[in-house]
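Novice: I am attaching a structure below and will ask some questions about it afterwards.
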Amino acid sequence: MICETLADFAAALPPKGGLAGLDLGTKTIGVAVSDGGRQVASPLTTIRREKFTLDAAALLRLVAERELQGIVLGLPLNMDGSEGPRCQATRGFARNLSRLTELPIGYWDERLSTVAAERALLEADTSRRRRAEVIDQIAAGYILQGALDRLRNIERENAR
């Protein structure tokens, strides 16, 4: 089930259980996961893209192993907020993935997530080679953490 807003995504989720965050690139998919209480996002791995069926199988295997309850895809909006070809590709990936799983799939604006990840890695004095290995999963962590923070705010608003 694809949820266009994070409020719809929140409504589709069970009260507890971890989530996956994805930074979808043309060559790789960065993956991060949250704890069951949905407080903290942790970078997990990077999947080398091959073709959709293999990519989806790898993702869904991770989701099943960790008993995750939903998937947050980074939506690569343009800086002016408009959607370009990369957004269309991400939405297409979500549509195809939704045919393979009942889990709710939500979107999170990923503008500047890779920039933030790169900056954090530079501040940590990470080598160029290591940055290239982990940048996508770190960006997925930023995407997922942003969504988790917003989900907590939605929860608070609904409790009022």
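The values are calculated or read from the model by the stated rules, or taken from the named source; none is laboratory data. Quick caveat, the model's predicted, so the values are computed rather than measured. Glycine also receives a Cβ, built like all others from the backbone with ideal geometry; neighbour counts cover every protein chain displayed.
Novice: Quick test for you: out of ASN96, ASN153, pick the one residue that is closer than 22 Å to LEU6 by Cα, out of contact with any strand residue (DSSP E or B) (no Cβ under 8 Å at 6 or more places or on another chain), polar (S, T, N, Q) and modelled with pLDDT of 95 or more.
Specialist: Exactly one residue qualifies, and that residue is ASN96.
Novice: In addition: For the range 14-73, which residues satisfy the criterion of being at positive phi and among the aromatic types (Phe, Trp, Tyr)?
Specialist: Of everything in the range 14-73, nothing turns out to be at positive phi and among the aromatic types (Phe, Trp, Tyr).
Novice: Take the range 1-12 and flag every residue that is more than 15 Å from the chain's Cα centre (by Cα) and either more than 13 Å from GLY70 (Cα to Cα) or without any contact (Cβ under 8 Å) to a residue 40 or more places away in the chain (or both).
Specialist: ALA7, ALA11
Novice: Separate question: If a residue has to be in a loop (DSSP other than H, G, I, E, B), surrounded by fewer than 15 Cβ atoms within 10 Å (Cβ to Cβ) and not hydroxyl-bearing (Ser, Thr, Tyr) to count, how many in the range 1-12 make the cut?
Specialist: Total meeting the criteria: 2.
Novice: With the requirement that a residue be closer than 16 Å to GLU110 by Cβ and of a type in the set (D, E, K, R), what does the range 1-26 give you?
Specialist: Passing the criteria: GLU4, ASP23.
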